[in-house]
Amino acid sequence: MIDRLMTGSPDHRTGWQDGRPAEPCTMVIFGAGGDLTKRKLMPALYHLAKGKLLSPNFAVVGFAKEEFDTESFRGRMTEAVQQFAGEPVEETAWKDLCQRLYYMQGDFQDANAFQALKQLLAKVEQDHGTRGSCLYYLATLPKFFAEVVRQLGSAGMVCEEAGGRWCRVVFEKPFGHDLDSARALDKEIAKILSERQIYRIDHYLGKETVQNILAFRFANGIFEPVWNRRYIDHVQITVAETVGVERRGAYYDEAGALRDMVPNHLFQLMTLTAMEPPISFQADAVRDEQAKILRAVQPLSPEDVLHRTVRGQYGAGMIDGQHVPAYRSEPSVSPTSNTETFVALKLLIDNWRWADIPFYLRTGKRLKQRVTEIAIQFKRAPYVLFRETPVQSLAQNLLVLHIQPDEGISLRFEAKVPGPVLRLGDVKMDFKYQDYFGTSPTTGYETLLYDAMIGDATLFQRADMVETGWFVVMPILDVWKALPPRNFPNYAAGSWGPKEAQELMERDGRSWRECGT
Ligand code: BG6
């Protein structure tokens, strides 16, 4: 993956657009009737098809309980791509992909359905020359993961041949509900699959700007020398959403913001920001360094959980001038739910580079603005030369990696305000991806699907990473379970979350920065 990222092409475009077509295979989507297939997977496959990155020997089989047939599935996917591709659909590319789509209705618990699926796959292999290789994608509710793998194993559908047919299984997050269930799931699927066949997806790793954290840090000589406790005051990571739980209330009310976002997406951002340079960009070299950071996170005692974590749930409010309901009034959410829709945490990484430097993380739904960013706040310059200048005007340097929606990097520094008197002003240097590279619409899944088809696991999670992620958040889950919140809902939709999140920073003499600026 990184090779493609780093090389670039003559027109300055980088990323998966520059690769060769992926390997022949059939992609089987379990749970193809759901939102993920419509909104993300099919538009991502279309983008790959348009970029000529799918093999000519490629096909898709949707498998789900919904009553479609191949014709109606193709119609539904055509509408989905028109709605979610983010650009006008190129007829030829879509037509070519669309006639490679098949559908089979079936129940994940029905062994006969898997036998029928096996027969359909044999036919698809003959018609499209997919060489028997299969990419199974589990876009189902997590409770079906182990069952589907068991059925695939019993039906003899995951056998590989050296140098020939391969079978890989992609697991959507969340992988487990907590540490014990993640371990149990790993144990269960290891009976049938080798670790090499397992792809635990986290779509944040498919985002160009997330991958760019590595390029920014390790392809430039000037940042790494100051990337440590000596020069950095603290790091703030924000993943803020304006959307609520949409049609996912049943899942979300069980999961909550912590499980849904922190051990996966936020920890990806934190580990890529904090990790040591890997010895190469091989999958395991990068993942080893990420895993080391997770293992170095200072364990939270119950006391720490009370002081260093904040949870919130949104009440009704206004977003973009529209009234939106409270979380407890969302479809499929309990009217007395105590599930959190906002989390803020202060974590410390106990290693030589980061000792005593706080990493503040926050994420939430129905917040004021959709924005994902990593802000690196540097220590103030020694003050000696500017004695006559009021203290508050000597600002700290700030480097912000803007992940979405306005992808870019900005650096804030001090400059002399023109004039006879020595006065300092805050200025900003701004790099925007759009201005320099132009950007094509993507869902974040393109790179990941492509990588799974060529067998590159760099951007996927290893079992130990998933488990260590759960290990870090377990004390929080335990304390929160033992002490249910008494003040929910505690923030209005359209705000920046509960006031306790601000207090968490104020106790350290800091504040959350105004995102997007
Ligand atoms: C998903 C979470 O993994 O990520 C959702 O389950 C969340 O709750 C989504 O909305 C955010 O992804 P993105 O790409 O929109 O930042």
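The values are calculated or read from the model by the stated rules, or taken from the named source; none is laboratory data. For clarity, every value in this text was computed on a predicted model and none was experimentally measured. Positions of Cβ are backbone-derived with ideal geometry, glycine not excepted, and every protein chain shown enters the neighbour counts. Protein only, heavy atoms only, side chains kept; ligands, DNA and RNA dropped before computing areas. Shrake-Rupley method; radii C 1.70, N 1.55, O 1.52, S 1.80 Å.
Taking 0.36 nm per residue of sequence separation and subtracting the Cα-Cα distance, how much length would be gained by fully extending the chain between residue 332 and residue 422, in nm to one decimal? Intermediate values should be presented prior to the final figure.
Numbers: separation 90, 0.36 × 90 = 32.40 nm, distance 6.07 nm.
Full extension of this stretch gives 26.3 nm more.
Once each part is reduced to its C-alpha centroid, what is the distance from region 91-134 to region 486-505 in angstrom?
For region 91-134 versus region 486-505, the Cα centre distance is 48 Å.
If you find the alpha carbon centre of region 144-182 and of region 208-265, how far apart are they in angstrom?
28 Å
Let me see the pair-distance distribution of region 109-200: every alpha carbon pair, 5 Å bin width, integer percents in order.
Histogramming region 109-200 at 5 Å steps yields 3, 13, 23, 25, 19, 11, 5, 2, 0 percent.
Quote the charge dipole size of region 117-206 about the Cα centre in Debye, to the nearest 20; the model charges only the Cβ of Lys and Arg (+1) and of Asp and Glu (-1).
The calculation lands at about 140 debye.
Return the long-range amide H neighbours of residue 424 (sequence gap of 5 or more, or a different chain), with a cut-off of under 5 Å between placed amide H atoms.
Here 417 satisfy the definition.
Distance in nm between label sites at residue 79 and residue 353, each 7 Å beyond Cα in the beta-carbon direction?
Reported label-point gap for residue 79 and residue 353 is 4.9 nm.
Sort all Cα-Cα distances of region 434-515 into consecutive 5 angstrom bins from zero, then give the percent of pairs in each bin up to the one containing the longest distance.
Computed distribution, short to long bins: 3, 9, 9, 11, 13, 15, 15, 15, 8, 3, 0.
Is the shape of region 394-475 best called rounded, prolate or oblate, per the rule: a/c under 1.5 gives rounded, else a/b larger than b/c gives prolate, else oblate, with a ≥ b ≥ c the square roots of the Cα gyration tensor eigenvalues?
Values: a/c = 4.81, a/b = 1.86, b/c = 2.58.
Taking the square roots of the gyration eigenvalues as a ≥ b ≥ c, region 394-475 is oblate.
Over all directions, what mean area does the Cα convex hull of region 307-357 project, stated in square nanometres?
Seen from a random direction, the Cα hull of region 307-357 projects 5.9 nm² on average.
Among 245, 228, 179, which residue has its Cα positioned farthest towards the positive end of the charge dipole of region 134-256, with +1 placed on the Cβ of Lys and Arg, -1 on the Cβ of Asp and Glu, and the dipole taken about the Cα centre?
Value: 228.
What is the sum of charges around residue 247, taking Lys and Arg as +1, Asp and Glu as -1, for the other residues whose C-beta is under 10 Å from the C-beta of residue 247?
-2
Just add up the charged neighbours of residue 152: K/R +1, D/E -1, any other residue whose Cβ is under 15 Å from the Cβ of residue 152. Mind dumping the intermediate values first?
On the way: positive: 118, 150, 165, 168, 191; negative: 107, 110, 147, 160, 188.
Computed value for this residue: 0.
Got the relative contact order for the chain handy, in percent, Cα pairs under 8 Å and 6 or more residues apart?
Normalised by residue count, the contact order of the chain is 18 percent.
When you have a sec, figure out the Kirkwood radius of the chain from all distinct Cα pair distances and drop it here in Å to one decimal?
24.5 Å
Using amide H atoms built 1.01 Å from N in the peptide plane, name the residues 5+ places from residue 102, or on other chains, whose amide H lies under 5 Å from its own.
Amide H neighbours of residue 102, under 5 Å, 5+ apart: 60, 61, 62.
Protein chains only, probe 1.4 Å: how do 67, 90, 147, 407 rank by accessible area, largest first?
Sorted descending by solvent-accessible area, the residues read 67, 90, 407, 147.
Would you pull out the residues with amide H under 5 Å of residue 173's amide H, same chain only if 5 or more places away, H placed 1.01 Å from N?
Under 5 Å from the amide H of residue 173 lie the amide H atoms of 201, each far enough along the sequence or on another chain.
Quick one: putting +1 on the C-beta of Lys and Arg, -1 on the C-beta of Asp and Glu, what dipole do you get for the chain around its Cα centre, in Debye to the nearest 20?
800 debye
Two decimals is fine: what's Rg over Rh for region 65-143, C-alpha atoms, Kirkwood radius as Rh?
My calculation puts Rg/Rh at 0.99.
At 1.4 Å probe radius, can you tell me the per residue accessible area of the chain in Å²?
Value for the chain: 44 Å² per residue.
Can you sort 503, 414 by solvent-accessible area, 1.4 Å probe, largest first?
503, 414
Compute the distance in nm between two label points, each set 7 Å from the Cα along the Cα-to-Cβ direction, one at residue 224 and one at residue 507.
The answer from the label model is 3.7 nm.
In a shell of Cβ-Cβ distance under 12 Å around residue 95, excluding residue 95 itself, what net charge do Lys and Arg (+1) and Asp and Glu (-1) give?
Surrounding charge for residue 95 is 0.
Sequence neighbours fewer than 8 away in the same chain don't count; with that in mind, list the aspartates and glutamates whose C-alpha is under 12 Å from residue 432.
Within the straight-line cut-off, residue 432 pairs with 406, 407.
For residue 39 and residue 303 in the same chain, what is the full-extension length gain: residue separation times 0.36 nm, less their Cα-Cα distance, in nm?
90.9 nm is the gain from fully extending residue 39 to residue 303.
Using a Förster radius of 56 Å, what is the FRET efficiency between residue 396 and residue 112 based on their Cβ-Cβ separation? Nearest 0.05, please.
Once rounded, the FRET efficiency stands at 0.30.
Would you mind telling me the share, in percent, of accessible area of the chain contributed by carbon and sulfur at probe 1.4 angstrom?
Exposed carbon and sulfur together represent 52 percent of the surface.
Obtain the nm distance between the two label points defined at residue 499 and residue 160 by a simple spin-label model: each point lies 7 Å from its Cα along the Cα-to-C-beta direction.
5.7 nm
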